[in-house]
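The values are calculated or read from the model by the stated rules, or taken from the named source; none is laboratory data. Please read all numbers here as calculations on a predicted model, not as lab measurements. Methodologically, a virtual Cβ is constructed for each residue, glycine included, from the backbone with ideal geometry; neighbour enumeration extends over all protein chains shown.
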Amino acid sequence: MSGQETIHLGIRPYGFHAGNALALYVYPYLLCRELKKMGKKARLTLIYSLNDYEQDEIDSPNKNLYPFNLKPKYTTFQFLPSGECPEKTMIELWAPRIRENIKRLLIDFPELNIRYINNSWLKEHPTFKKLLLKTLTESDKLSDIFRKYTDKIVLANAQYASAVCKKCFCARNKTTIDGNEIFSFLCPNCHQSNSGKFNDFDYWWYHKPLFLARMEIFKPDLTISGGDHYNEGDYEVRQAMAEAFVPGKQMPDMLFTPVLLAPDGKRMSKSQGNARYGKIDEIIKIAEKFDTPEILCPEQALSFAKNYEEYCFSF
C-alpha cells in the first residue's frame, strides 16, 4: 500500500457495536498503523456508506433456508422511526453517532480523509439508476448467481429491490417498469396506486447488488467488510455480479475481517440479540493477536453500557 488508497466501508445505520466496529474502526486503524511502521503517511480516503436503503428487518419464508427470498418487514432505515427518539428516523439518529465514533481515527492519523455518504444521496447518479433498473428487471440473473456461488436455495420470483410508497413508506410491493421507464405498484399496506419516474421515489435495495453500484461510483482500491459477508460467498458473488451487470469491471481488492464472536460463542449481531458495545482499545489488542476466521471476544473487552448515552470508547 502507498497510503493514498481509497477504501470503502459500509454500515447499516443501526448501532455501532463491537462486532461491526471490528471492520469499521479496528481494521482501518491497524492498516494506518502498518503504514506508519513502513514509514508512510496514512493519507487514505475512507468512504463510509450508510445504507439507509436497507430493509428495517428481513421478512422471509425461512431466513436460514431461503436468505435470498426476502422483503422488508415494512420499510427502510431511511423512513423507520428510531423508537429511541421518535421524531427521528434510524438514519437521522445513528448517522451522527457513527460519524462521532469514526472521527476518533483522526486523533492518531490526522491526514486521513473521511467521507460519509447516505446511499439515498446517490440516487441522482446515472450509474445508480442503471444498476437499480437492472436489479428490478433482471432479478433472475441475481438469483442464478446466488444459487451458483452459495449453498442456499433460492425460490422462484425473488426480488431484490422495490420503490417505497410515497404515502405510507411501505416497501413491500412488487414494482414494475414499463418501456417508458414508468415505475408502478400497488401498496399492500395503504392500497394506494403509485406511478411515476425514477426520481419520484426512494427505494429498498438489497445490499449485495447495491454494493456493485457503490463500487462503480466510488471506484475504491480496497473494500473492508465483515467476515460474515465472506461466509455468505460474497467474494465470488461480487465478482459474478460485476461480470453479469458491468462487463469488464475490475473489482477492488477485498479485505474480510474475522467474525467477532460474543462471549456466548455466537456471532455478535443485533439479530442474534447479543450485540454489545466494545472497548475499542481492547478489541484492537485482540485483533492484533489472532489470524483466525473467528475471534472470541472476552467479557473484559466489552462494555456494560445499556444504551448509547452510557457508552464511550476506551483508549
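Just a few scattered comments:
- The listed residue being assigned to a strand (DSSP E or B) and either over 19 Å from His17 (Cα atoms) or in contact with a Pro (Cβ under 8 Å, 6 or more places away or on another chain) (or both), out of Asn199, Asn194: Asn194
Residue-wise test of (1) at pLDDT 85 or above; (2) closer than 20 Å to Tyr25 by Cβ; (3) of a type in the set (Phe, Trp, Tyr).
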| site | (1), (2), (3) |
| --- | --- |
| Thr223 | yes, yes, no |
| Gln239 | yes, no, no |
| Glu243 | yes, no, no |
| Arg276 | no, yes, no |
| Ser303 | no, yes, no |
| Lys306 | no, no, no |
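- Of all the criteria given as (1) over 30 Å from Ile284 (Cβ atoms); (2) under 16 Å from the mean Cα position of the chain (by Cα); (3) basic (Lys, Arg), the one not satisfied by Arg99 is (1).
- First in the stretch 105-122 and touching a residue at least 12 places away in the same chain (Cβ under 8 Å), second anywhere and loosely packed, with under 13 Cβ neighbours inside 10 Å and assigned to a loop (DSSP other than H, G, I, E, B), Cβ under 6 Å, 6 or more apart: none
- Taking the stretch 157-181 as the range and being among the small types (Gly, Ala, Ser) and modelled with pLDDT under 95 as the test, only Gly179 passes.
- Every residue from the stretch 79-93 that is surrounded by fewer than 19 Cβ atoms within 10 Å (Cβ to Cβ) and over 29 Å from Leu105 (Cα atoms): Pro81, Gly83, Pro86, Glu87
- Count of the stretch 255-280 residues which are surrounded by fewer than 18 Cβ atoms within 10 Å (Cβ to Cβ), within 17 Å of the chain's Cα centre (by Cα) and of a type in the set (A, V, I, L, M): 1
Here's the yes/no breakdown for (1) over 25 Å from Asn62 (Cα atoms); (2) of a type in the set (A, V, I, L, M, F, W, C); (3) in contact (Cβ under 8 Å) with a residue 24 or more places away in the chain:
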{"residue": "Leu132", "(1), (2), (3)": "yes, yes, yes"}
{"residue": "Ile145", "(1), (2), (3)": "no, yes, yes"}
{"residue": "Leu155", "(1), (2), (3)": "no, yes, yes"}
{"residue": "Ala163", "(1), (2), (3)": "no, yes, yes"}
{"residue": "Lys166", "(1), (2), (3)": "yes, no, yes"}
{"residue": "Cys170", "(1), (2), (3)": "no, yes, yes"}
{"residue": "Asn189", "(1), (2), (3)": "no, no, yes"}
{"residue": "His207", "(1), (2), (3)": "no, no, yes"}
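- Flag if Lys129 is at pLDDT 95 or above and over 20 Å from the mean Cα position of the chain (by Cα): no
- Identity of the residue in the stretch 43-78, assigned to a strand (DSSP E or B) and of a type in the set (Val, Ile, Thr), that ends up surrounded by the most Cβ atoms within 10 Å (Cβ to Cβ): Thr76
- Against the numbered list (1) under 12 Å from Leu112 (Cβ atoms); (2) buried (at least 21 other Cβ atoms within 10 Å of the Cβ); (3) among the charged types (D, E, K, R), Glu5 comes up short only at (2).
- Answer residue from the stretch 169-191, given it is β-branched (Val, Ile, Thr) and outside any loop (DSSP other than H, G, I, E, B) and is nearest to Lys129 (Cα to Cα) among those: Ile177
- Members of the stretch 151-168 found to be polar (S, T, N, Q), in a loop (DSSP other than H, G, I, E, B) and surrounded by 16 or more Cβ atoms within 10 Å (Cβ to Cβ), listed by number: Gln159
- Verdict on Ala23 being out of contact with any Asp or Glu (no Cβ under 8 Å at 6 or more places or on another chain) and either outside any strand (DSSP E or B) or under 30 Å from Asp151 (Cβ atoms) (or both): yes
- Counted residues, the stretch 95-150 - those being part of a helix (DSSP H, G or I), more than 24 Å from Ile177 (Cβ to Cβ) and among the acidic types (Asp, Glu): 2
- Qualifying position, being surrounded by fewer than 16 Cβ atoms within 10 Å (Cβ to Cβ), in a loop (DSSP other than H, G, I, E, B) and at pLDDT 95 or above, among Lys36, Lys40: Lys40
- Unmet requirement for Ile102, which otherwise passes all of (1) crowded, with 21+ Cβ neighbours inside 10 Å; (2) of a type outside the set (D, E, K, R); (3) touching a residue at least 60 places away in the same chain (Cβ under 8 Å); (4) out of contact with any helix residue (DSSP H, G or I) (no Cβ under 9 Å at 6 or more places or on another chain): (4)
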